[in-house]
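The values are calculated or read from the model by the stated rules, or taken from the named source; none is laboratory data. Note that the structure is a prediction, hence the values are computed from the model and not measured. Using ideal geometry, Cβ is built from the backbone for each residue, glycine included, and neighbour counts are taken over all protein chains shown. Side chains are part of the model used for accessible areas, which takes the heavy atoms of the whole protein and leaves out ligands, DNA and RNA. Shrake-Rupley method; radii C 1.70, N 1.55, O 1.52, S 1.80 Å.
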Amino acid sequence: MKVFSQRQIKELENYTIENEPIAAIDLMERAAKKVAATIIKHYDNSRGIIVFAGPGNNGGDALATARLLALENYKVEVYLFNPNDHLSADCEANKQRLDTLANISFNEVTSKFQPPQLNNDDIIIDGLFGIGLNKPLSGGFAALVQFINTAAVEVIAIDMPSGLFCNDNSDNDKRNIIRATRTITFHSPKLSQLLVDNQEYIGKLEVVDIGLSEEKSKELYSDFEIVEAEQVAAMIKSRNAFGHKGSFGHALLIAGHYGMAGAAVLAAKASLRSGLGKLTLHTPIKNNDILQTAIPEAILSHDFSETIFTTAVSSEAYNAICLGPGLGKEPDTALAVLEQLQMSKKAPLVVDADALNILGEHKSWLQELPPATILTPHPAEFRRIQSGSTDAFTHLVDAQTLAQRLNIIVILKGHYTAICAPNGKTFFNPTGNSGMATAGSGDVLSGIITSLLAQQYSPLEASLLGVYFHGLAGDLAQADLEEECLIASDIIKYLPLAFKQLKYFHK
Ligand SMILES: NC(=O)C1=CN([C@@H]2O[C@H](COP(=O)(O)OP(=O)(O)OC[C@H]3O[C@@H](n4cnc5c(N)ncnc54)[C@H](OP(=O)(O)O)[C@@H]3O)[C@@H](O)[C@H]2O)[C@@H](O)CC1
Ligand SMILES: Nc1ncnc2c1ncn2[C@@H]1O[C@H](COP(=O)(O)OP(=O)(O)O)[C@@H](O)[C@H]1O
Ligand SMILES: [K+]
């Protein structure tokens, strides 16, 4: 599913109006019906509804929704803000349509606003501004947003929480954005709705289909996409019935500072549970007994050091290499990481965890990353290697720039993990849940991606499929075990079920 810009959504809307064809006011009615149905699904008509409508089409949607809810016997109070004495045509038309209804209290605010008294179980509908916002809110609208945000009631935003831009909010005034309980957005999520910083404004996101042209959606190009199950399921390779372990790749995993052998165990098990033929695990000597016991399937390669990684390994024998889980950051390890990058020009490479932290301390070494390397930073690791910023939008732009500059893939982990490809495209992953915010989940992901690389999936396929599959296993685990109780090993346990589900999807 593509993520469109404000301009593209407008283009899609205009195309639909001209080619379906449908009158703009009827498209607005279709959108309002979806909003009203969503509200009716969640809240019964004992709840008072207070509608705040703006002067544009977002306000038009809100007025139409008010009418539809009144027809379902909700008690509705409307405030239409029209400070410049100018409403969009369809907002004006919906204002007229309210006239016919007796059970709506309608107030048009042109200058002074007397805030209504709110009851705790009232619901506010925010229809002030949607995707047409063209500057941060200020003045009377800012004061109104602050009034709504201090009210102890649920707020439902139509299309966008008012005050939030579709893409970049890094310079926005955060005090003047509606903090919604729920956002009902049209057609597809907007970029800002996928970013962690904005969750406090969006609340629960619901996407409703309003029948915009599919033909035009297909035609419009976007740098941003949300990954879909069919897309990754179609990537799964069938296994050769005559295959032997050599047919399914030999991966090298360099992991596990003494005391952090668990990271090596998780990555190793995840790789073996994702179709890999053979795994060699390079690790300090003292990890021998624990790793031989925990993962009898892996071959061990011992470092010269008892406790840390100090000696790079030739990449000749391997189809993929993973460098980093639980590696530690000792100076000798850092030098070995540099050497490993320089020696890993042949096999595709995944760089994770402490190997990323080492790159953060030696930024010039980023130049040594072989083309098509996959980096898997969480936000703090990304900040160390690349971006001083804490803002999610800036992170995303910086990750895209880094991927393009170094011709690598940057997987920015989190809810809606962003996979930034070297050609400038970014894919957001829809699977996964907060139960996966538990130590070791990232090691599992590195193991999966490395395994797929070793099996000859392209770096982009391994990233898209690996991240989706990891999140799906987490979702299946969560369904059985509850988010609170999930640990990283559970994600591995549910990999077979996730694989089965994806393969079934493709049949
Ligand atoms: N996509 C679809 O297919 C469909 C979309 N639909 C709906 O249309 C919505 C988009 O409507 P829209 O384009 O009229 O923009 P909207 O968000 O109402 O704001 C524009 C108004 O706000 C004003 N304004 C802007 N910023 C401001 C500020 N900071 N402070 C003060 N004023 C500010 C601006 O004034 P101007 O700057 O132009 O003078 C203008 O008057 C969309 O989100 C969805 O709800 C559905 O109806 C049907 C199908
Ligand atoms: N709230 C969440 N929703 C979806 N996925 C999540 C969430 N929290 C964590 N994850 C996933 O879990 C993994 C955590 O990785 P990371 O932070 O590196 O963990 P660790 O370093 O402990 O192994 C990432 O793949 C991330 O996308
Ligand atoms: K809104």
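Of all residues being assigned to a helix (DSSP H, G or I) and within 14 Å of residue 309 (Cβ to Cβ) in the stretch 340-364, which is most open to solvent (accessible area, probe 1.4 Å)? Just the residue, please.
Looking only at the stretch 340-364, we keep the residues that are assigned to a helix (DSSP H, G or I), and these are 340-343, 353-361, 363-364.
Those still in the list that are within 14 Å of residue 309 (Cβ to Cβ) too: 340-341, 343, 353-355, 357-358.
On the way: 340: 0, 341: 1, 343: 67, 353: 16, 354: 26, 355: 0, 357: 18, 358: 1 Å².
My answer is 343.
Could you tell me how many of the residues in the stretch 288-307 are over 35 Å from the mean Cα position of the chain (by Cα), open to solvent by 20 Å² or more (accessible area, probe 1.4 Å) and not hydroxyl-bearing (Ser, Thr, Tyr)?
Summing the residues that are over 35 Å from the mean Cα position of the chain (by Cα), open to solvent by 20 Å² or more (accessible area, probe 1.4 Å) and not hydroxyl-bearing (Ser, Thr, Tyr) in the stretch 288-307 gives 10.
Checking the condition within 28 Å of residue 252 (Cβ to Cβ) and within 13 Å of ligand 2 (Cβ to nearest atom), which residue from 417, 450 passes?
Going through 417, 450 in turn, the sole match is 417.
Please note which strands (runs of 3 or more DSSP E) are completely contained in the stretch 76-147 and include at least 1 residues that are at pLDDT 95 or above, of a type in the set (A, V, I, L, M) and over 38 Å from the mean Cα position of the chain (by Cα).
By residue number, 104-109.
Could you figure out which of (1) open to solvent by less than 40 Å² (accessible area, probe 1.4 Å); (2) small (Gly, Ala, Ser); (3) more than 25 Å from residue 429 (Cβ to Cβ) isn't true of residue 105?
Residue 105 satisfies all of (1) open to solvent by less than 40 Å² (accessible area, probe 1.4 Å); (2) small (Gly, Ala, Ser); (3) more than 25 Å from residue 429 (Cβ to Cβ) except (1).
Any residue at all in the stretch 199-209 that is within 30 Å of residue 330 (Cα to Cα) and of a type in the set (Ser, Thr, Tyr)?
Within the stretch 199-209 (the criterion being within 30 Å of residue 330 (Cα to Cα) and of a type in the set (Ser, Thr, Tyr)), the answer is no, since none of the residues qualifies.
Mind counting the residues in the stretch 25-69 that are open to solvent by less than 50 Å² (accessible area, probe 1.4 Å), more than 12 Å from ligand 1 (Cβ to nearest atom) and closer than 19 Å to residue 207 by Cα?
4
Among the candidates 120, 134, 73, 84, single out the residue that is surrounded by fewer than 13 Cβ atoms within 10 Å (Cβ to Cβ) and at positive phi.
On inspection, the qualifying residue turns out to be 73.
For residues that are in a loop (DSSP other than H, G, I, E, B) and open to solvent by 80 Å² or more (accessible area, probe 1.4 Å), scanning just the stretch 6-24, find the one that is farthest from ligand 2 (Cβ to nearest atom).
The residue in question is 21.
Please work out which one of (1) farther than 30 Å from residue 346 by Cα; (2) in contact with a Leu (Cβ under 8 Å, 6 or more places away or on another chain); (3) open to solvent by 30 Å² or more (accessible area, probe 1.4 Å) is the condition residue 435 fails and give its number.
Of everything listed in (1) farther than 30 Å from residue 346 by Cα; (2) in contact with a Leu (Cβ under 8 Å, 6 or more places away or on another chain); (3) open to solvent by 30 Å² or more (accessible area, probe 1.4 Å), residue 435 misses just condition (3).
Among the residues that make up the stretch 173-190, is at least one of them open to solvent by less than 50 Å² (accessible area, probe 1.4 Å), more than 14 Å from ligand 1 (Cβ to nearest atom) and either within 24 Å of residue 11 (Cβ to Cβ) or part of a loop (DSSP other than H, G, I, E, B) (or both)?
Taking the stretch 173-190 and keeping what is open to solvent by less than 50 Å² (accessible area, probe 1.4 Å), we get 173, 176-178, 180, 182-190.
Going one step further and asking which of them are more than 14 Å from ligand 1 (Cβ to nearest atom), we end up with 182.
When the remaining residues are screened for being either within 24 Å of residue 11 (Cβ to Cβ) or part of a loop (DSSP other than H, G, I, E, B) (or both), the result is none.
For the stretch 173-190, residues open to solvent by less than 50 Å² (accessible area, probe 1.4 Å), more than 14 Å from ligand 1 (Cβ to nearest atom) and either within 24 Å of residue 11 (Cβ to Cβ) or part of a loop (DSSP other than H, G, I, E, B) (or both): absent.
Taking residue 216, is it in the same structural domain as residue 195 (by the TED database), more than 19 Å from residue 458 (Cα to Cα) and either buried (at least 17 other Cβ atoms within 10 Å of the Cβ) or touching a residue at least 24 places away in the same chain (Cβ under 8 Å) (or both)? Please lay out each step first, then the result.
Details: in the same structural domain as residue 195 (by the TED database): yes; more than 19 Å from residue 458 (Cα to Cα): yes; either buried (at least 17 other Cβ atoms within 10 Å of the Cβ) or touching a residue at least 24 places away in the same chain (Cβ under 8 Å) (or both): yes.
Answer is yes for this residue.
Right, residue 227: crowded, with 19+ Cβ neighbours inside 10 Å and within 16 Å of ligand 2 (Cβ to nearest atom) or not?
For residue 227, the condition - crowded, with 19+ Cβ neighbours inside 10 Å and within 16 Å of ligand 2 (Cβ to nearest atom) - is met.
Quickly run through the stretch 259-287 and pick out the residues that are free of Cβ contacts under 8 Å to residues at least 40 places away in the same chain, among the hydroxyl-bearing types (Ser, Thr, Tyr) and buried (at least 24 other Cβ atoms within 10 Å of the Cβ).
If the condition is that a residue be free of Cβ contacts under 8 Å to residues at least 40 places away in the same chain, among the hydroxyl-bearing types (Ser, Thr, Tyr) and buried (at least 24 other Cβ atoms within 10 Å of the Cβ), then 283 is the only one that fits.
Of all the helices (runs of 4 or more DSSP H) wholly in the stretch 410-507, which have at least 3 residues that are acidic (Asp, Glu)?
Because the criterion is at least 3 residues that are acidic (Asp, Glu), the helices (runs of 4 or more DSSP H) in the stretch 410-507 that meet it are 459-481.
I'm trying to understand the selection: among the residues of the stretch 137-159, which are of a type in the set (Val, Ile, Thr) and within 11 Å of ligand 3 (Cβ to nearest atom)? So that I can check it myself, show each step before the final result.
Kept after step one, since they are of a type in the set (Val, Ile, Thr), are these residues of the stretch 137-159: 145, 148, 150, 153, 155-156, 158.
Across the stretch 137-159, the qualifying residues are 145, 148, 155, 156, 158.
Within the stretch 382-397, work out how many residues are charged (D, E, K, R) and either open to solvent by less than 40 Å² (accessible area, probe 1.4 Å) or not assigned by the TED database to the domain that holds residue 368 (or both).
The number of residues fulfilling the criteria is 1.
Only one of 163, 139 is in the same structural domain as residue 65 (by the TED database), surrounded by fewer than 17 Cβ atoms within 10 Å (Cβ to Cβ) and either in contact (Cβ under 8 Å) with a residue 12 or more places away in the chain or farther than 25 Å from residue 419 by Cβ (or both). Can you tell me which?
139
Can you run down the residue pairs with Cβ atoms below 7 Å, 6 or more apart or on separate chains, where the first is in the stretch 228-241 and assigned by the TED database to the domain that holds residue 466 and the partner is acidic (Asp, Glu)?
235/461
Do you know which residues across the stretch 406-442 are touching a helix residue (DSSP H, G or I) at 6+ places or on another chain (Cβ under 8 Å) and free of Cβ contacts under 8 Å to residues at least 12 places away in the same chain?
none
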